[in-house]
Structures are given as structure tokens and as C-alpha cells.
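Read through the structure below, which is laid out as C-alpha cells, and then see the notes.
The values are calculated or read from the model by the stated rules, or taken from the named source; none is laboratory data. Because the structure is predicted, anything quoted here is derived from the model rather than measured. Backbone-built Cβ (ideal geometry, glycine too); neighbour counts: all protein chains shown.
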Amino acid sequence: MLFAVEGLGRFRVRDGERVIVDSDPHATPDEVDGLLLGSVTVALAWQRGLLVLHGAAVAIDGQAVLFVGPPGCGKSSLAVALVGLGHPLVTDDVCAVAFDPEGVPTVQPGTPFVRVWSDVLPTLGLDPGALRRIDTRATDPAGRQKYFVDAAQPATQPLPLARIYQVLPGKDATLSITPVNPSLRLSTLVSATYHREIGDEIGGRDAYFERITALARTTPLFRLRRPADATRLREVARTVEVDVRGAKP
């Protein structure tokens, strides 16, 4: 699969194992890294026969907990908050899911860092001056920037997926966790699929729906409505921690 991006270069992904890079001489390392860590990594995962979701995952008591949701909902910020509570990061942005011989979904370890918007850093006790800023073009109308936040002890092995939270930013002080209606489970996961068009092209639609249906059938899925106040992020993280541990026998 070939990615040709004006101003960045040409990036060819082969057999889920190799990436051939012909970068534009005017492209900055951060700009090239942005594509490599995004679309190119997604294509690699699809070529390896994995199911790729757009989300962030942490390990709680040896099991992966995945956060999905619309852009800007707080997936990565919540992952950083949970890392701050001592839980290893599993992956951020690109979440590749495999199924073991018994059909149990497992999350593959990804990058050992999280991408976080600048306005959330103070809430997490982080100094932007001590962090590496991502591609300067990655801004939004509010003038925010994204930064790499390294995880102290990231996961290094695939972990069974215990549950998935669909994160929804609230407009008030509400903090709630509710099960997703069974009739909406599949559509929720389809909407969380990362570059589904790449997956369809590489593996075909039938293979994709077989995997996404298996995930919807086997993995508990909840809707996490978080408060609008970003300063309550640690409270949200602790609520998730309690919810996950309370579900165990």
C-alpha cells in the first residue's frame, strides 16, 4: 500500500512487515513521524490481519481497558490520568486487536507515549516546556498544540481486553457510566474503527465484519459520560478504576 503525501513524501507499506520511506527533503522529522505513527502504522496492522480501532488503552490489573470516542473526547487524556495512577499504558491512537485461539480479544502493545492537547497538561501536572511538541501544523481553531507524554512503564506484551468505554464529553457536571444498549454495540465499534477503508481494501469487508462482530459479542461495552470541567480528569480516572475492579468476581 502506497501513501503519497505532497510535502511529506512517499511511504510504501509491504506485507505488514516493511515500510519503505522516501521523504520530501523539506519535510521535518516531526511531520514524517506524524504520518508514520498514524496512517502507516494503521496499514501495517491491517496487513497483519488485526482489527484496528481508534482509541487509547491502559492495563488495569493485567487486563486492557480501551477508550474510544469522537476526536477531542478525552481518550488520550484519560489514559494519561490512569498512567498517573500507576497503570501501564498499552497503546494510544492506534489500537490493534487480535483474537487468541480461544477467541479472546487481545490488545497489542503500541507506542510508549500519549499525544495530549496543551490545555489538558496543567490538569495532569505536566509542563509543556519539558515535552516534545507534535508537528506544528497539528493545531485547532483554539490555538492548542499537541505534545508527546512518555509513559513510565508501558506494557510490553499483548493483554486480554476486559472492557471498552465510549467516552462522551459532557456539557455539565455529569459523570456516569452506563452499559451500551446491545442494539448499538456493533455500530459503536464500527464508528471507532480506524481507517476502515484501508481494512476493507486489504482484508475485505467480510473479514472485517467477522472481527468487529466478534468483538461486539465478547467484550463489555460502556458509555462513559465525563464532566465538562477538565480539572475533574483525575476523578474520572479513579471512577473508571473503581468500575473496572468492581466488575471482577
Number of positions in the stretch 35-67 that are of a type outside the set (Asp, Glu), over 15 Å from Arg196 (Cα atoms) and outside any helix (DSSP H, G or I): 11
From (1) over 21 Å from Gln157 (Cβ atoms); (2) among the β-branched types (Val, Ile, Thr); (3) crowded, with 19+ Cβ neighbours inside 10 Å, pick out the condition that doesn't hold for Thr41. (1)
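For every residue, the table says whether it meets (1) surrounded by 17 or more Cβ atoms within 10 Å (Cβ to Cβ); (2) closer than 24 Å to Ser39 by Cα; (3) among the hydrophobic types (A, V, I, L, M, F, W, C).
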site	(1), (2), (3)
Ala98	yes, yes, yes
Arg133	no, yes, no
Tyr147	yes, yes, no
Gln153	no, no, no
Pro169	no, no, no
Got a number for residues in the stretch 2-19 being at pLDDT 80 or above, closer than 18 Å to Ala96 by Cα and not in a strand (DSSP E or B)? 2
Can you find even one residue in the stretch 57-71 that is in the same structural domain as Arg211 (by TED's automatic domain parsing), touching an Asp or Glu at 6+ places or on another chain (Cβ under 7 Å), touching a residue at least 40 places away in the same chain (Cβ under 8 Å) and under 28 Å from Thr239 (Cα atoms)? yes
Please list, ordered by first then second residue, the pairs with beta carbon atoms under 6 Å, 6 or more apart or interchain, first in the stretch 15-30 and without any contact (Cβ under 8 Å) to a residue 40 or more places away in the chain, second assigned to a strand (DSSP E or B) and among the hydrophobic types (A, V, I, L, M, F, W, C). Val19/Val13; Val21/Phe11
Could you look through the stretch 193-236, keep only residues that are surrounded by 18 or more Cβ atoms within 10 Å (Cβ to Cβ), touching a Pro at 6+ places or on another chain (Cβ under 7 Å) and of a type outside the set (A, V, I, L, M, F, W, C), and pick out the one that is nearest to Asp172 (Cα to Cα)? Arg226
Looking only at the stretch 217-238, count how many residues are free of Cβ contacts under 8 Å to residues at least 60 places away in the same chain, basic (Lys, Arg) and either part of a loop (DSSP other than H, G, I, E, B) or closer than 17 Å to Gln166 by Cβ (or both). 3
